[in-house]
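Report on the following structure.
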Amino acid sequence: MRKVTLAVASTLVIALMVATPASASGGGKSNSMYVVDREGDLGKILYTDYQGSHLLGDPISWWSGESPISNAGYLDMVMAWIVVDRKTVTLGMQMASPISDESTLPHGIKAVQWSWIFSPAPAEFIFDYEVCVWWDGLEFTAYLSDMTAYPFTVTPLDSFDVSGDTLTVQVSAAILQNQIGWMFETNAYWQPPQPSTGERGMGWHSPDCPDYFGNYDWWPCLPLP
């Protein structure tokens, strides 16, 4: 298991976020922001369009609580945050259960990733950057995908940390330029993925993403440096 220690311990980042006042959709101050997600909603994503339809509205709502993916608590998001410190952005995510040397991928899943996604126009579903921590069941890696032009530019990242139930990664604050919204999610791949291209292909789904994924009104404004 690969772990790269960040300059700021993840536990201190969590303490900072918890101490910051929160609203229903998130919280923050001038240089930090966090958003809380429901625990226990793994595999029960609520889409706002076509509610009630398994095919269009909630395509994985029938997953049993005993299914392998539903028991992968390290994919169940509890909180995500952004901390801006001069030219560096620290992104964090806390999960419902820790990731340890004994953790395994759910049956049938080839890899999982934890993502922070930045958008200049959330209502139009346009994304400029995606920061990912990637796990293939053996090794952790991280990368930044620049989606402002095609083909995407993928940059490996060394400044990341996976400790217990918390993931953190550091990137340049340059990715915040012109970005007005952000979201976070977990992803599971059942087909061999190619993170080096920054493209997900067709063999993946999101076991957990923020509540009311289709309602862009809740997207928080990005914290200012």
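Just so it is clear, none of the values below were taken in a lab; they were calculated from the coordinates. Being a predicted model, the structure only gives us computed values, none of them experimental. Ideal geometry is used to build each Cβ from the backbone, glycine not excepted, and the neighbour counts take in all protein chains shown.
A few points about this structure:
- Multiplying the residue separation of D41 and F125 by 0.36 nm and subtracting their alpha-carbon distance yields 27.9 nm.
- With neighbour counts taken as other beta-carbon atoms within 10 Å, the residues S145, S70, S159 rank, fewest first, as S159, S70, S145.
- ³J(HN,Hα) computed for each position of the range 166-178 - Karplus, 6.51 cos²θ - 1.76 cosθ + 1.60, integer Hz, glycine/proline x: 10, 10, 9, 8, 10, 9, 5, 5, 4, 5, 7, 4, 6
- For A142, distant residues with modelled amide H under 5 Å away: W134, L157
- For F125, F184, F152, the sequence from fewest to most other C-beta atoms within 10 Å is F125, F152, F184.
- Calculated P(r) of the range 121-194 - Cα pairs past 18 Å, %: 47 percent
- Gained length - H107 relative to W190, 0.36 nm times residue gap less alpha-carbon distance: 28.9 nm
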